[in-house]
Amino acid sequence: AHLSEINEHDGDVGAFLLVMADRAIERAKEIDKRRSGGEELGALAGVPVALKDNIVLQGVETTCASKILSGWEPPYTATVIEKLISQGAIPIGKTNLDEFAMGSSTENSAYFPTRNPVKLDRVPGGSSGGSAASVASRFAPIAIGSDTGGSIRQPASLCGVVGVKPTYGLVSRYGLIAFASSLDQIGPFAKSVDDASLVLSVIAGHDGMDSTSSRTATYEHAPNESDISSLRIGVIQEMMSDVSNDVLGVFNQSLDALRSCGAKVETVSIPAVRYGLSSYYLIAPAEASSNLARFDGVRYGLRVTGADMNETYGLSREAGFGPEVKRRIMLGTYALSAGYYDALYGKAQKVRTLIVSEFARAYSDFDVLVSPTSPTVAFGFGDKSDPLSMYMSDVCTIPSNLAGHPAMSVPFGGGADGLPVGVQILAPALSERVMFQVARALE
Ligand code: GLN
């Protein structure tokens, strides 16, 4: 059924870079046989899952929506995919993204843009736009994305689905092609809060293959917890200033809904989050410039042969990377260069520390914090061609990546043109359980 939905509608939406139809059907039959044989099956037995194309599955082309990786077949499988498969999930395809997950609209894919299934003349958000669109289109009940500065939550918000960025270290990054390693986290998209929670419980847990994976952290799915009457919820004042009126209107209704469930809702000031965007756009490109040095035309994907090795590097990178990726590599290299390191990268790290300590203070008074996920509803193609206006899309989502804290987006009502609006719930490190509790109250 999901494959025929894809056949019928993905021509319009463009959620998938690659559909694994034969492999998926074969696997479904195998699971069915095991079920008929009375075998005990996993929590996701037979459930199709769409995978962002920066997460590797052995033998299946993975491109990060970049020309530089075209034709590359990974020799191993990401831990999250192993875990999903071990619980019976069926990988159904690899989804489109902004090249190397750099962007907020999926327009930066080197192949084609993805359209928002709610309204095809709008972007789905990004960078995990293909994963969000695949769930919103019912191409797959669940999808996996990565979130470095908002790339799960912002497209979830724009497409009207649930999206979760877990605590840094809760989910293994092994097999996620790195963008900014200190910020990247893998997380689920789903139609409902409980589906997302179940998927998180499957993919969470320690992995020896990821040196930043927490040794002790786990996440247990607790579907019945929705009582928020004893909770204190803080509304982040600084995250309201760049938000459009339609989104603010819907967000205020969500606060009323939380109050009517008995929660105490008050505003809280976290002044340092105003510097989140500036600090992120030094730290993320700095890490990216280092991570992307491995794409040299020798080891992976595209090669444009020059007279010598140096020229081969240059020509391959020139031909293989798109404009946004080149911009980030240059920004990052500059921020890390000897004369500017302290003034740029060093200062950004100090701001990051400040954000962590201000969040800690806010969490001494509040159990969770809330904000709009995105300052606007889904925008049109080409509307944010100025990079800075595009970067603003993540003004509310970036601070949790800098802090390493969990955050999620839950759809709540409609803004301009009836387009979906998401409410962001932020929680202290490893407090996913209370975050999901609040999300259920909003559903
Ligand atoms: N939009 C942000 C960026 O372009 C965040 C991307 C992400 O989370 N992968 O860097």
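No value in this document is a laboratory result; all are computed from the given coordinates. Here the structure is a predicted model, which means the values were calculated and not measured. Neighbour counts run over all protein chains shown; Cβ positions are idealised from the backbone, glycine included.
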Notebook entry, point to check: Just one of the numbered conditions (1) on the phi < 0 side of the Ramachandran plot; (2) surrounded by fewer than 24 Cβ atoms within 10 Å (Cβ to Cβ); (3) away from the ligand (no atom under 16 Å from the Cβ) is not true of GLY46; which one?
Noted result: (1)
Next item on the list: Scan segment 95-110 and give yes if some residue there is more than 16 Å from the ligand (Cβ to nearest atom), over 12 Å from the mean Cα position of the chain (by Cα), assigned to a loop (DSSP other than H, G, I, E, B) and over 26 Å from ASP246 (Cβ atoms), otherwise no.
Entry: no
Item checked: Residue tally, condition touching a Pro at 6+ places or on another chain (Cβ under 7 Å) and surrounded by fewer than 24 Cβ atoms within 10 Å (Cβ to Cβ), over segment 433-443 -> 0
Notebook entry, point to check: Quick one: what pairs do we get from segment 298-324, first residue touching a residue at least 60 places away in the same chain (Cβ under 8 Å) and part of a helix (DSSP H, G or I), second within 16 Å of the ligand (Cβ to nearest atom) and hydroxyl-bearing (Ser, Thr, Tyr), C-beta under 8 Å, 6+ apart or different chains?
Noted result: GLY320/SER66
Note to self: Restricting to segment 55-76, count the residues that are outside any loop (DSSP other than H, G, I, E, B) and farther than 18 Å from THR148 by Cα.
What the structure shows: 3
Next item on the list: Filter segment 25-69 down to the residues that are of a type in the set (Gly, Ala, Ser) and touching a helix residue (DSSP H, G or I) at 6+ places or on another chain (Cβ under 8 Å), then identify the one that is nearest to PHE295 (Cα to Cα).
Entry: SER66
Notebook entry, point to check: Just checking, how many residues over segment 219-244 are without any contact (Cβ under 8 Å) to a residue 24 or more places away in the chain and more than 20 Å from VAL162 (Cα to Cα)?
Noted result: 1
Next item on the list: Go through segment 427-443 and give me each residue that's under 14 Å from HIS405 (Cβ atoms) and either among the acidic types (Asp, Glu) or not in a helix (DSSP H, G or I) (or both).
Entry: ALA427, PRO428, ALA429, LEU430, SER431, GLU432
Checklist line | Answer residue from segment 185-216, given it is in contact with a Lys or Arg (Cβ under 6 Å, 6 or more places away or on another chain) and within 16 Å of the ligand (Cβ to nearest atom) and is nearest to LEU282 (Cα to Cα) among those | finding: GLN185
Next item on the list: Restrict the check to segment 412-420 and report whether at least one residue is within 16 Å of the ligand (Cβ to nearest atom), surrounded by fewer than 24 Cβ atoms within 10 Å (Cβ to Cβ) and not in a loop (DSSP other than H, G, I, E, B).
Entry: no
Note to self: Let me confirm something: among TYR313, TYR280, which residue is crowded, with 22+ Cβ neighbours inside 10 Å and among the hydroxyl-bearing types (Ser, Thr, Tyr)?
What the structure shows: TYR280
Notebook entry, point to check: Could you list, in sequence order, the residues of segment 130-153 that are within 12 Å of the ligand (Cβ to nearest atom) and either assigned to a loop (DSSP other than H, G, I, E, B) or under 8 Å from the mean Cα position of the chain (by Cα) (or both)?
Noted result: GLY145, SER146, ASP147, THR148, GLY149, GLY150, SER151, ILE152, ARG153
